[in-house]
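Heads up: the structure comes next, in structure tokens.
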Amino acid sequence: MKKIFSQCLWVFLLLMTVSTCHAAKSAKMVQSDSCLAKALGDSISQIVTSAKNIKAYVWKSENHKDIKINVKRLNKSQRGILHFILADSCMVKSNAIVYGKFIPCLGFVLKKSCSKKVYIDVDLGLGKWAVSDSKGKLLKQFDIEGNDLLRFSTMLYPSDKFIMGIYNNRQSK
């Protein structure tokens, strides 16, 4: 009787282990936001919403060349904030015509894997953000709605004079 009980216990433990492993695999699937998927397409929105490696950088112009400086790797909470801001439906709602050149002041590289990455460039002066593929080809451009992305940028780069100037200017209105 004791042998049958121990065999049943082993079978039960094995079944529980298998079901737990299966549940853990399916729980890691991240679904992309439907508004973001409509605006960017499924594959790009999947990279944006589930990127595990995100680097932020500031664009500066020196000697008529644009260079990336102050490169930072975002931690888990910062990645979550960026995902939350970009997945907001008002961030992909419009792309109004403006009479100015898109010159990004900061950018992000969102990597899901070595071959799956996208670039997000932000022009806080024009109030636009753009998504480019891994080769740098512009895919979509949108208006920045609200102050969330600007506030996040000031959190990342509090000593950048340009970003803080735009933030202080918008706060004074």
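Quick note: the coordinates plus some simple rules give every number you see, no bench work behind them. These numbers come from a predicted model, not from an experiment. Heads up, the Cβs are rebuilt from the backbone with ideal geometry, glycines too, and the neighbour counts pull from every protein chain shown.
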Requested in this report: Please give every one of the aspartates and glutamates within straight-line cross-link reach of Lys116, meaning a C-alpha to C-alpha distance under 15 Å, and leave out same-chain neighbours fewer than 8 residues apart.
Outcome: Asp42, Asp133
Query raised in the report: FRET efficiency for Asp42 and Ile67, Cβ-Cβ distance as r, R0 = 41 Å, nearest 0.05?
Result: 0.80
Query raised in the report: Going by average Cβ neighbours within 10 Å, how do the peptides 71-78, 139-146 rank, with the highest at the top?
Result: 139-146, 71-78
Report task. Show me 91-98, 166-173, 45-52 ranked by packing, highest mean number of other Cβ atoms within 10 Å first. Result -> 45-52, 91-98, 166-173
Query raised in the report: Looking at Leu139, Leu156, Tyr167, which one has the Cα that reaches farthest to the positive end of the dipole of the range 128-173 (charges on Cβ: Lys, Arg +1; Asp, Glu -1)?
Result: Leu139
Query - Dipole in debye (nearest 20) - the range 113-173, about Cα centre, beta carbon charges: Lys, Arg +1; Asp, Glu -1 - result: 140 debye
Query raised in the report: Quick one: which of Lys55/Lys128; Lys52/Lys161; Lys38/Lys173; Lys65/Lys128; Lys112/Lys140; Lys38/Lys60 span more than 27 angstrom between C-alpha atoms?
Result: Lys52/Lys161; Lys38/Lys173; Lys38/Lys60
Report summary line: Two pseudo-spin positions, 7 Å from Cα along C-beta at Asn75 and at Lys116, lie apart in nanometres by 2.7 nm
Report task. Excluding residues on the same chain fewer than 8 positions from Lys101, give the aspartates and glutamates whose Cα lies under 16 Å from its Cα. Result -> Asp66, Asp121, Asp123, Asp143
Query raised in the report: Can you give the extra length, in nm with one decimal, that the chain gains between Lys60 and Phe162 once fully stretched, where that is 0.36 nm per residue apart less the Cα-Cα distance?
Result: 35.7 nm
Report summary line: Counting Lys and Arg as +1 and Asp and Glu as -1 over every other residue whose Cβ sits under 14 Å from the Cβ of Leu138, the net charge comes to +2
